[in-house]
Amino acid sequence: MSLHIFRPSLAQSGDAGGCSDGAFCDWVRGLTGSDGAADVADWLVNAPLRVAILLFGGWLLNRLVRRSISRFAFSLQRTAREVGERAPGTLFVGERDVRLDARTETVSSVLGSITTVVLGSVVAMLVLGEIGVALGPLLASAGVAGVAIGFGAQSIVKDFLSGLFMIIEDQYGVGDIIDVGDAAGTVEQVGLRTTRVRDINGTVWFFPNGEIRRVANYSQYYAKALIDVDVAYDADLRRAIAIIEQTAVALYEEDQEGEHRLLEGPEVLGVQTLGSDGVSIRVVVTTKPSEQFPVERELRLRLKEALDEAGIEIPFPQRVVWLRSDGSAGDDAPEHQAP
């Protein structure tokens, strides 16, 4: 025994036509004496109601999903703040807060827009079905077009997804100094499809997000100003280290009274290498993001002045050259060495 669902058509419904058994249909049929008019009246009453229910349901679901996305984005923001508070130095400054807020809004807006488009498409198809539009041919045509567009737009989809994850993971942002392999410079724009970078020569580079394999970010959280200072082998290394440390500390103290570019006091690590021309002494200073380069230039200038004043030589390449004559033994060409 099987159960069959039976839905009467206009021809099978007899006198009732396609109209449902209701007071409104009976009233229209009695008023007009036409089953067709009753069917039309029934459709005008029921179809708009179903369409309204679909539209309201889609709107409500869209709001719920977007609210969930906002909560997810703000949870990422809260996690990033906790990570920042555990980082070294005065890391989580006001500029970082502003950037984090902007990233949260971007992620929430992008995911919310995607949700709206997807739900809107589904609701639109359901509404078309309710008003009598045949969806079979439409879906078939859309499927063929989707396959063709999918093959042709694979790189665009790849760039879009890569850009979305770059924004969510905060790999870099506008104003950061990055190195993407082919070029290095300041990020001017981060889009869902491309990233725009301007290098030190002023050249603007456009990188599809899907083609960026790795990124070196010089502006993430904090930076290190690292300098190797070379002194001559005959110099007093302990005295040279003390002068380098005094000079770096003086720069730090001046900065704390003004610009606050330095997050922590300098650290002189000591002798780094014994090179062919001199001895390298390494000094490191923790700075705000993107401030390491001007700090390095300022510190090099001060170190050069301090070492010159102390009489400590910064070596330059020197080579010993022997000049030998291949003439007779009586040739009195002298042997000498030249720098």
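The values are calculated or read from the model by the stated rules, or taken from the named source; none is laboratory data. As the structure is a prediction and not an experimental result, all values here were calculated from the model. Methodologically, a virtual Cβ is constructed for each residue, glycine included, from the backbone with ideal geometry; neighbour enumeration extends over all protein chains shown. For the accessible areas, the whole protein counts, side chains as well, though only heavy atoms, and no ligand, DNA or RNA atoms are used. Shrake-Rupley method; radii C 1.70, N 1.55, O 1.52, S 1.80 Å.
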Original post:
For segment 38-49, how many residues are among the aliphatic types (A, V, I, L, M) and either at pLDDT 65 or above or open to solvent by less than 30 Å² (accessible area, probe 1.4 Å) (or both)?
Top reply: 4
Original post:
Does segment 156-183 hold any residues that are out of contact with any Gly (no Cβ under 9 Å at 6 or more places or on another chain), open to solvent by 30 Å² or more (accessible area, probe 1.4 Å), more than 18 Å from Tyr221 (Cα to Cα) and of a type outside the set (Phe, Trp, Tyr), and which are they?
Top reply: Gly181, Asp182
Subject >> Check on Ile241, over 27 Å from Met166 (Cα atoms), open to solvent by less than 40 Å² (accessible area, probe 1.4 Å) and modelled with pLDDT of 90 or more >> reply: no
Original post:
With (1) open to solvent by 50 Å² or more (accessible area, probe 1.4 Å); (2) over 26 Å from Val295 (Cα atoms); (3) touching a helix residue (DSSP H, G or I) at 6+ places or on another chain (Cβ under 7 Å) as the list, and Lys224 as the residue in question, which single condition is left unmet?
Top reply: (2)
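Give the residues of segment 245-291 that are farther than 30 Å from Val320 by Cα and among the hydrophobic types (A, V, I, L, M, F, W, C), sorted by residue number.
Listed by number, the residues that qualify are Ala248, Val249, Ala250, Leu251, Leu262, Leu263, Val268, Leu269, Val283, Val284, Val285.
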**OP:** Return a yes/no flag: does segment 294-317 have any residue that is surrounded by fewer than 13 Cβ atoms within 10 Å (Cβ to Cβ), modelled with pLDDT under 85 and out of contact with any Phe, Trp or Tyr (no Cβ under 7 Å at 6 or more places or on another chain).
**Re:** yes
Subject >> Residues satisfying the stated conditions in segment 109-136, i.e. of a type outside the set (A, V, I, L, M, F, W, C) and at pLDDT below 75 >> reply: Ser109, Glu130, Gly132, Gly136
**OP:** Determine, yes or no, whether Leu139 is closer than 30 Å to Ile200 by Cα, modelled with pLDDT under 85 and among the hydrophobic types (A, V, I, L, M, F, W, C).
**Re:** no
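Okay, residues lined up against (1) within 18 Å of Ala310 (Cβ to Cβ); (2) open to solvent by less than 50 Å² (accessible area, probe 1.4 Å); (3) touching a Pro at 6+ places or on another chain (Cβ under 9 Å):
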position	(1), (2), (3)
Leu251	yes, yes, yes
Glu259	no, no, no
Leu263	no, yes, yes
Leu274	no, no, no
Gly278	yes, yes, yes
Glu291	no, no, no
Original post:
List the pairs whose first member sits in segment 50-75 and is under 23 Å from Glu130 (Cβ atoms) and at pLDDT below 80, whose second member is part of a helix (DSSP H, G or I) and charged (D, E, K, R), and whose Cβ atoms are under 9 Å apart, counting only residues at least 6 apart or on separate chains?
Top reply: Arg50/Glu130; Val51/Glu130
**OP:** Within segment 269-284, work out how many residues are hydroxyl-bearing (Ser, Thr, Tyr) and assigned to a strand (DSSP E or B).
**Re:** 2
Original post:
Do you know which residues across segment 184-196 are at pLDDT 80 or above and either surrounded by fewer than 16 Cβ atoms within 10 Å (Cβ to Cβ) or over 15 Å from Arg213 (Cβ atoms) (or both)?
Top reply: Ala184, Gly185, Thr186, Val187, Glu188, Gln189, Val190, Arg193, Thr194, Arg196
**OP:** Report whether or not Tyr218 is at pLDDT 90 or above, open to solvent by 50 Å² or more (accessible area, probe 1.4 Å), of a type in the set (Ser, Thr, Tyr) and touching a strand residue (DSSP E or B) at 6+ places or on another chain (Cβ under 7 Å).
**Re:** no
Original post:
Name the strands (runs of 3 or more DSSP E) wholly within segment 176-242 that hold at least 2 residues that are free of Cβ contacts under 8 Å to residues at least 60 places away in the same chain and not polar (S, T, N, Q)?
Top reply: 177-179, 184-190, 194-199, 204-208
